[in-house]
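This report refers to the structure that appears directly beneath it.
The values are calculated or read from the model by the stated rules, or taken from the named source; none is laboratory data. Predicted model, so just to flag it, every value in this text is computed and none were measured. Virtual Cβ from ideal backbone geometry, glycine too; neighbours counted across all protein chains shown.
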Amino acid sequence: MRFEGLILDFDGVLIESEYVGNKQIADYLTARGHPTTPEESMANFMGLSGDDFHGAIERWIGRALPDDFHAEREAEDRRVLEEGLQAVAGAVAFVASLPPHLPRAIASSSSTRWIRRHLDHLGLRDRFEPHIYSGSEHVARGKPAPDLYLHAAAAIGVPIDRIVIVEDSPVGAKGAVASGARVIGLVAGNHCLDGHGDRLAALGVHHVAESFDEVARLLFTSQN
């Protein structure tokens with residue numbers, strides 16, 4: 001897999017936020033009279049941001065968002081930002097092992113505030129700054145549009161067809177494939193249930209990796 005730059009998604013790729021976040025959404029909706037499991041939340045909402053995220057929830061429950069939805073989400077975000085989250089297995093060592101001069105970026109549906117705070121918890125912020133990009137802040141169309149990846153590629157100065165993107169969610173994988181990059185679908189996070197890799201493969205990712213060791217082999221063994 002020849003490449004000259006690397007773009008990583010964040011939630012579910014570097015930190016174990018997907019299951020935690022989707023369980024909070026599921027518990028909240030269930031308590032408001034809309035029974036939802038974490039698995040259903042992940043299937044319907046994972047990888048979305050902004051209006052797309054809110055619209056998906058409204059379609060699921062068949063009504064407008066409850067009045068306290070945003071306050072509850074903000075409270076949960078404050079708690080998680082303060083406490084931090086576990087890294088996906090192997091993520092910290094993988095990032096630390098990257099060649100120092102390899103152009104790289106994070107392209108995520110989350111806010112840059114969220115990404116930077118969790119990178120601080122992991123001790124990895126200096127490995128990506130200033131190339132931290134948010135679908136809700138840097139482009140008009142977030143994932144599953146390819147725009148965020150194209151924006152990140154332009155920012156690090158590498159043509160998109162010479163970049164590898166590592167994604168974990170179907171929404172992200174769809175946009176990554178559409179961008180024209182080489183795409184690795186990562187299923188190392190604890191939110192990746194049976195069949196998750198098959199879903200990513202069906203969307204056209206070039207490889208499915210079950211661990212960061214496998215990602216490293218795909219990237220660097222073929223470079224020799």
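Here is how the numbers come out for the structure above:
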item: Those residues of the range 109-152 which are hydrophobic (A, V, I, L, M, F, W, C) and within 17 Å of Val13 (Cβ to Cβ), in sequence order; result: Trp114, Ile115, Leu119, Leu122, Leu124, Phe128, Ile132, Leu148, Ala152
item: Within the range 77-97, tally of residues that are at pLDDT 95 or above and surrounded by 15 or more Cβ atoms within 10 Å (Cβ to Cβ); result: 8
item: Leading residue by the ranking (farthest from Thr37 (Cα to Cα)) among those in the range 49-71 that are among the aromatic types (Phe, Trp, Tyr) and touching a helix residue (DSSP H, G or I) at 6+ places or on another chain (Cβ under 7 Å); result: Phe53
item: Filter result (in a helix (DSSP H, G or I), within 16 Å of the chain's Cα centre (by Cα) and not charged (D, E, K, R)) within the range 41-55; result: Ser41, Met42, Ala43, Asn44, Phe45, Gly50, Phe53
item: Answer from Ala216, Ala154 - the residue that is without any contact (Cβ under 8 Å) to a residue 40 or more places away in the chain and out of contact with any Lys or Arg (no Cβ under 6 Å at 6 or more places or on another chain); result: Ala154
item: Only listed residue being closer than 23 Å to Val92 by Cβ, under 13 Å from the mean Cα position of the chain (by Cα) and not aromatic (Phe, Trp, Tyr), chosen from Asp168, Asp120, Asp126; result: Asp168
item: Selected residue (criterion: farthest from Ala71 (Cα to Cα)) from residues of the range 14-34 that are aliphatic (A, V, I, L, M) and outside any helix (DSSP H, G or I); result: Leu14
item: Leading residue by the ranking (nearest to the chain's Cα centre (by Cα)) among those in the range 138-163 that are among the aliphatic types (A, V, I, L, M) and surrounded by 24 or more Cβ atoms within 10 Å (Cβ to Cβ); result: Leu148
item: Selection count, the range 4-13, where residues are assigned to a loop (DSSP other than H, G, I, E, B) and at pLDDT 95 or above; result: 4
